[in-house]
Every structure is written in C-alpha cells, then in structure tokens.
Amino acid sequence: MTILKLLRKNLLNLVPYQSARKLGGQGTIWLNANENPLSPHFHLKSESFNRYPEPQPQKVLEYYADYSEVKPENILITRGGDEGIELIIRAFCEPNQDAVLFCPPTYGMYAVSAETHGVKLITINQTANFQLDLKRIHYALENSSAIKVLFICNPNNPTGTLLNHSDILTLLEMTRHRAIVVIDEAYIEFSSSKSYVLELQNNPHLAIIRTLSKAFGLAGLRCGFVLANPELIRILNKVIAPYPIPIPVADIAEQALLPQGIDKMRERVEDILENRSWLICELKKISMIIEIFDTAANYVLVKFKDGQKVFNSLWEQGIILRDQNKVSGLANCIRITVGTAEENRRVIEAIRNIE
Ligand SMILES: *Cc1c(COP(=O)(O)O)cnc(C)c1O
C-alpha cells in the first residue's frame, strides 16, 4: 500500500518550485536567486520565547506603513512575499473551478501556488518586448468567468522589465468589479519608477506584494507584506495562520525598518545599481552575447549565442547563475544577479575565458 493512493490528484504530477537553492551546485559565487550579496547585521533583542508572538506585530506594521506610505490597516505581514501570493489564491479561488491569470515569462510561484490549490492557470504570454498583451488579456476575461486573480510582476522577474504605466492602469479598469489584480513589487526598491500604492485609493481589487528578501538583504528572514485596502486585508487575515511571524523575525524586521535601517538599505541599493552598470558595460563588450535586456532590478537577463555552454562552464567553476533556457521565449538566456564588485569581475572574466 502506498500513500500515493491517498494523495490529492492534482498533486500527483505537480513539479515543486525549482528554487535556486534546490538546484544545488558546488558554488562559491551565488548569483542565481536575486539575493543581496552582503548581509546587514542585527542583534536579537528578544530573550524569551515562551509566549506566542503578536499575530501581526504592531511596530512592524507601523514602521512598514511609514516606509510604504500607507496606513497600518493597509498591511498584512506574511512569511515572505510568497505567502502573500498563496493567501490571495486561497482566499479568492474556488478549487477545481476558478483560475488565475499571469503573463509568462514571469515568476514561477504564481503557477506553483495555484496548482497546489487545484486552481487553473490561464497564461497570456507577454508581447515581444515583454509588455502586457492587453487585447488578449481582455479577451480571456470576457471569455472566462473563472478568472479570479491576475498576477503582474513589476519590475518583472526574470526579465527585469518595467511594465508600461498606462497598461497597468488599463488593466485595473478592465478588472474592476471582476477580479483581483496582484502587482508583485518584490524589486520596487531597485527601480526608479513609483510603487502602485497610490492606486490603492481607487482600487479595492488591487493587492501589492512586497518583501524584505531583496533590497533589504533579508531573504533568510522570511518576511513579506501585502498592501491593500482594509477590506482585502481583513479577508486575508481570515486565511493566514494564527501566529505567522516568529518573535525573532518581528524583532529584526523592526530594526531593518527604523530610519537608519532604511538609509542603509538605500545605500546598498545605490551600490548594487553602480555595480550593475559596470556589469552591463562589460557584458556589452562580449561578442557571444546577442542581447542584454533593459533591467529595473538587481539582476540582468542576457541572451547568449550558446547559453547552455556559458551556464555549464560557469557552473563548473562554482559560479552559479540562473538558467532560463527552458523558459518559453527565453532560449539561450541566463539571468545574472548583480553581486559584489569582485563577484561581478569574476563572472566577466569567466565568460571572457569561454570566447
Ligand atoms: C523573491 C520574489 C518574491 C518573494 O520572495 P520572498 O522571499 O518569499 O519574500 C516575490 N515575487 C518575486 C517576483 C520574487 O522574485
């Protein structure tokens, strides 16, 4: 007897999210998960853990509200941005009936979260220049009442692209009274474009995903946020676990969101943007590169003549990048996270040595 007989059918063939960590590799230079190359330092203040934590730690709510220019009642603190994605699907999608819509190539967790909950996927590929195909999205909405949630990633992972502002506004109109729109702003701090928090005012169906994993350099903390109107936040509070934010997580998140922590984050972002310019400038000199895509994030998508060869060769040298070759539309593409100046120099050197 195998317990597989007992398993939910939709999970039998589910491929789990291929996180950068799970892919392994004997790395010395990790540039495959869009993490910050350097860690900020904190000291734990809490010393006793016998009590349950606050379900939504008040100070973290207040500090993140100040930082993101909303009110505490507009915020849900989650276990990473990924939990926010999952909660929205669980709250709004009826299993075996409803669907989510997203626009590949984009972040893999929208599909994984929907599939684990038995929710259908409707995909509308991006246009050739990585923008929203609004006509086809409109058509899909007209023809399927099952679509409850649309995921938009801005800047988009893995392309780095910023979506046209007017397209997002059009999408919000198209979906009004019709579906929830999630704008995933995991990389917003690296971008010169504004957050969509201002749009919360007029859009009860908008939710914004944020995280401390990227610009704040705290991927190991597992702390993210959903920003939305109080009605939507109250709904998500119904489905979240009772004590999702451990005391040490709240403790460190609080310190990271003090004015001094935010200043430090902004300095790190400036450093990364400088290093990104250097990296792109050097990549431009390499002849086996076909295209370097514009990026508004801490990574750059690069199309090589032979992406597999470059990826494998660097992998063998302990430089771990993110292969995008199997992603539809991204043949021969590799996503490179911007590392420290030294790490970037080693990447360039290793690619040059293949030529
Ligand atoms: C990294 C990332 C997230 C969230 O990551 P967490 O570590 O769970 O906060 C969400 N969306 C995108 C596009 C990401 O790249």
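Here are a few things to note about the model shown:
- GNM flexibility winner over the chain from Ile272, Ile124, Ile77 (Cα, springs under 10 Å): Ile124
- Radius 10 Å from Cβ of Gln324, net charge of other residues (Lys, Arg +1; Asp, Glu -1): +3
- Share of pairwise Cα-Cα distances greater than 32 Å in the chain is 33 percent (whole percent).
- A Gaussian network model of the chain, with springs between Cα atoms under 10 Å, assigns the largest mean-square fluctuation among Phe49, Phe304, Phe225 to Phe49.
- Summary of the geometry: the range 283-338 and the range 97-147, compared by the centres of their Cα atoms, lie 25 Å apart.
- Neighbour counts of C-beta atoms inside 10 Å place Phe42, Phe130 in the sequence Phe42, Phe130, starting with the fewest.
- Summarising the strand pairing of the chain, around 50 percent of its internal DSSP beta bridges are antiparallel.
- The range 56-193: C-alpha gyration tensor shape, a/c 1.5 cut-off, then a/b vs b/c: oblate
- Ranked Arg268, Arg276, Arg51, Arg176, criterion: other C-beta atoms within 10 Å, fewest first: Arg51, Arg176, Arg268, Arg276
- Of Lys194/Lys214; Lys214/Lys238; Lys284/Lys305; Lys71/Lys194, those spanning more than 23 Å from alpha-carbon to alpha-carbon: Lys214/Lys238
Computed from the coordinates by the stated procedures, all read-outs in this text should not be read as laboratory data. Keep in mind that what you see is a predicted model, and the values were worked out from it rather than measured. Reconstructed Cβ throughout: ideal geometry from the backbone, glycine too, with neighbour counts over all protein chains shown.
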